[in-house]
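**Q** Got a structure for you, questions after.
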Amino acid sequence: MDRHPAEAMARPDLIRLDDGFVCLRFESMKVVSALAAVRHLLDTGVVRPGDTLLDSSSGIYAHALALACHRYGMRCHIIGSSTVDHALRTQLAVLGAHLEQMEPSDDLKLDQNRRVARVRALLAEHPEYHWMRQYHDDVHYLGYRTVADRIRRELGTERLTLVGGIGSGASTGGLARALRERAPDLRLVGVQPFGSVTFGSAHVRDPEIIIAGIGSSIPFANVDHGLYDTIHWLAFEAALAGSVDLLRSRAVFAGLSTGAAYLAARWERDRAPDRTVVFVAADTGHRYVDSVFARHEEAVRVADLAPREVAGPQELVLPWSRMRWNRRPVGPGGSGFDGRVGEGASRAGAAP
């Protein structure tokens, strides 16, 4: 029996949508990583009950960290993006988390840079705070091992393809690392928005939006580029079509990044029907009712969408591009990965 609701939320559903086509559905995926990270930091003495845990978030991680702090008796301080909505602000307040929200901005990079600057200022004022560094400390990989074990038990690992948003790198990265311990031929397909620096699409602007949660305008050290076999870049209009079709045809109500992962997974499955394709649904669709699902009549048919195959990021075009990455270890921006796990590098003075 669970001792806290967050523990139940950390267990995803495995839903077989068709033969060889499976949805790994989370209520809120980052609860998995936040719970395991906080537990590890407590067990190793990096933090103590009652300490303040600090981080920046566009929404989902803020909720996850607030739940983990509630579970383990910690204080929570969030520097939130302007995208944090009223429903989440209310939940954070009731859970006892302190939220500082950035002023509205049309520039995602400016929003992220301002949040990092505020985190640094707070650490200078309060060196006793612990910066969780969800984008840079791979303590956030740890929680996904349990999920990988469940995939292994229920689906096996023979001829398996995993598809999901890249984001901070911890979710698909953590799942792939754990699964490849017994299945080195696991194929990992990462999903990115246009405008993200992580795999070199910063020069391509999506006129609608950069999809929060799967890309970034600043480098993330937790992304291990060498894990990924294939990358798909999808624009808002393609992700919207995927989200709407997934609800209409499969009754799965999930967020915008899931719509993008669903499109990529359909494409990969059609080209390798002998493989089992699992795609990650990171959160529910409630945050996207107005911005995505209310626009369902605008959605193009997913059957009419196909990616452009590209040899490099310089060839990327909207609304959908695909590239064989072939596990190259370093991204176009030169960002790397140092492999450290929870070494307490997230206090004042650590690199962002």
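**Q** Quick check: Cα centre of region 1-56 to Cα centre of region 263-326, how many Å?
**A** Cα centroid to Cα centroid, the span is 25 Å.
**Q** Count the net charge of all other residues whose Cβ sits under 13 Å from the Cβ of GLY285, scoring Lys and Arg as +1 and Asp and Glu as -1. Don't skip to the end; give the middle numbers.
**A** On the way: positive: ARG25, ARG248, ARG250, ARG287, ARG295; negative: GLU27, ASP245, ASP283, ASP290.
Here the count lands on +1.
**Q** Give the list, by residue number, of cysteines in the chain with no other Cys Cβ closer than 4.7 Å, or say none.
**A** CYS23
**Q** Would you work out if region 85-148 is rounded, prolate or oblate? Take a ≥ b ≥ c from the square roots of the eigenvalues of the alpha-carbon gyration tensor; rounded if a/c is under 1.5, else prolate when a/b is larger than b/c, oblate otherwise. Walk me through the numbers on the way to the answer.
**A** On the way: a/c = 1.44, a/b = 1.26, b/c = 1.14.
Rounded shape, in that the Cα axes give a/c under 1.5.
**Q** Here's a follow-up. Modelled label-to-label distance, VAL317 and ASP85, 7 Å Cα→beta-carbon offset: nm?
**A** Once both label points are built, they end up 3.4 nm from each other.
**Q** Moving on to the next point. How much length is gained if the chain between ASP274 and ASP43 is pulled fully straight, taking 0.36 nm per residue apart and subtracting their Cα-Cα distance, in nm to one decimal? Write down the numbers at each step before the final one.
**A** Working: separation 231, 0.36 × 231 = 83.16 nm, distance 4.29 nm.
Using 0.36 nm per residue and subtracting the Cα-Cα distance, I get 78.9 nm.
**Q** Region 172-250 to region 65-94: how many Å between their Cα centroids?
**A** Measuring centre to centre over Cα atoms gives 25 Å.
**Q** Also, quick follow-up: Quick check: the angle from helix 256-271's long axis to the longest principal axis of the chain, C-alpha only, nearest 10 degrees?
**A** 40
**Q** So in region 1-102, what percent of DSSP beta bridges are antiparallel if you round to the nearest 5? Present the calculation step by step, with values, prior to reporting the outcome.
**A** Working: 5 of 15 bridges.
Percentage antiparallel, nearest 5: 35.
**Q** Right, next: What's the FRET efficiency of HIS126 with LEU95 using the Cβ-Cβ distance as r and R₀ = 22 Å, to the nearest 0.05? Could the numbers behind the result be given before it?
**A** Values: r = 20 Å, r/R0 = 0.92.
The value I calculate is 0.60.
**Q** If contacts are Cα pairs under 8 angstrom and at least 6 residues apart, what is the relative contact order of the chain in percent? Write out the running numbers ahead of the final one.
**A** Numbers: 747 pairs, mean separation 67.1, N = 352.
Relative contact order comes out at 19 percent.
**Q** What ranking, highest mean first, results for peptides 232-240, 16-24, 88-96, 263-271 when packing means the other Cβ atoms within 10 Å averaged over each residue?
**A** Working: 232-240: 26.4, 16-24: 17.8, 88-96: 14.9, 263-271: 21.2.
Those peptides, ordered most packed to least, come out 232-240, 263-271, 16-24, 88-96.
**Q** So what's the angle, to the nearest 10 degrees on a 0 to 90 scale, between helix 60-72 and the longest Cα principal axis of the chain?
**A** Compared with the principal axis, the helix lies near 50 degrees.
**Q** For the chain, find the longest principal axis of its Cα atoms and tell me its angle to the long axis of helix 144-155, 0 to 90°, nearest 10.
**A** 30
Coordinate-derived values only; no laboratory data. Keep in mind that this is a model prediction, so the values were computed, not measured. All Cβ positions, even for glycine, are placed from backbone atoms using ideal geometry, and neighbour counts span all protein chains on display.
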